[in-house]
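The values are calculated or read from the model by the stated rules, or taken from the named source; none is laboratory data. Worth saying up front: this structure is predicted, and the values here are computed from it rather than measured. Heads up, the Cβs are rebuilt from the backbone with ideal geometry, glycines too, and the neighbour counts pull from every protein chain shown.
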Amino acid sequence: MRRKLKIGIFTAMLSETNGTAEAARRLIIGLGKAGHEVHVHAPSNGVAGRTGVNFHKAAGFRMSREPEFWFALPFFKYFHNRHGHFKELDVCHAITPMTMGALALDVAKLNGIPKIITHHSPLEYYAGDYFPVIGKLFSLYAWKYERLFYNRFHVIHVPTITKKNLIKQHKMKEPIFALTNGILDNYFRRVPGAKEEVREIYNIPLDRKIVLYAGRQGPEKNIEAVLRAFKVILCEKIDAHLVLAGGGPHIPVLRDYAEKIGIDHRITQTGWVKHTLLRKIYDAADVSTLYNDIEAQGLVLLEAMSQGTACVGKNSFGISDVIVDGETGFLVNNEKEFAAQLVKVLKDDELRRYLGENALQNVKKYHKMSNVIKVWEKAYRFLIDEIYPKHYSHVPEAEITRDWQDFARKEPLVKM
């Protein structure tokens, strides 16, 4: 009989609307559904009432609402004394660094527990944009801090292989394995009537093509490039509409920019939308886009692909792992290529259907959440049963890395 695990998840992001929090929620809920006992430690709750999930609130305060950002203050002695479950955990998994990640390190050290950390988003790319004074100062030292922090864990997880290459450039040490964040199993099927319903909600004519950007609208997402590409689409006399789905602090800036370049009459800002409606928007879209320099993985592209929607994105960290160029969409290296490929996809109905069908099959094969959870179960057990005893016995890191490479060779979803 499969052994039930007691898993500690430590994260400063859980209730927010961003890729890191969404990935954390999917992992936590999936592990709970699989029959494991999941103990979640976070300053805000995004998994209330889920099967197998025990939420332990850490002290903290909300630093900002746009974007929503919590700063956790897990006073360790108080926190530790109140939660005797720490010593019963089989593994500690940190989703974010700094305060909650430090708590995971302390719990693991004091109780002799294997520890793993996920690297989602480099702090350098976000701190300066959202916290102008402190953030810009911190960003100068962000990679040094991350290197010192992440290298204290037994293994590092990343969602994509390009993210592994990036953090290795900044001297983070093996073992580092890549495993997708996964797409929920309730995707992968068309929503009847979605095309008509979405166009009715947002007053878009039925025969008009929809170009979609889905996700948080922040300065780091470079959505201005999407607007410029969309202007080229309109100049090519394509009857198209741009839907920007999601909330974020950059919405007023984008609204002004769209008006400045004369395309505001063909743009809809939806604001934050529920997952049920977002699925319908993916389904109704003719093509989905991302054009920024780095993504933890680009979950919004995977979600669009899981609904059979072709994608065009920048050939950059995270995005290049998601789109198979020429098969599920197109990767581009500059804005001229970006606009040209969007025009190409919108003009060719047969190509669009081909890319969309390939995209659906690719995501179903490599990113389905129920399959991802099975791999996580194996990875946790491998760390607990085989790797941690070797760390305890001071086996050389090179040998431990080879063991993880052997593990990865047996698991099609894992890359090293």
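Of the residues examined, residue 263 is one that is of a type in the set (Val, Ile, Thr) and modelled with pLDDT of 95 or more. Checking each residue in the range 42-57 for being surrounded by 19 or more Cβ atoms within 10 Å (Cβ to Cβ) and not in a loop (DSSP other than H, G, I, E, B) picks out 42, 53, 55. Going by the conditions given, is residue 372 outside any helix (DSSP H, G or I), of a type in the set (Val, Ile, Thr) and over 30 Å from residue 241 (Cα atoms)? For residue 372, the condition - outside any helix (DSSP H, G or I), of a type in the set (Val, Ile, Thr) and over 30 Å from residue 241 (Cα atoms) - is not met. Condition first: without any contact (Cβ under 8 Å) to a residue 40 or more places away in the chain, among the basic types (Lys, Arg) and in a loop (DSSP other than H, G, I, E, B). Can you find one or more residues in the range 146-162 that meet it? There is no residue in the range 146-162 that is without any contact (Cβ under 8 Å) to a residue 40 or more places away in the chain, among the basic types (Lys, Arg) and in a loop (DSSP other than H, G, I, E, B). Filtering the range 185-207 for residues that are closer than 30 Å to residue 376 by Cα, modelled with pLDDT of 95 or more and either in the same structural domain as residue 335 (by TED's automatic domain parsing) or under 25 Å from the mean Cα position of the chain (by Cα) (or both) leaves an empty set. Taking the range 72-105 as the range and being at pLDDT 65 or above, farther than 25 Å from residue 180 by Cα and either surrounded by fewer than 17 Cβ atoms within 10 Å (Cβ to Cβ) or among the basic types (Lys, Arg) (or both) as the test, the residues that pass are 73, 84, 85, 87, 88.
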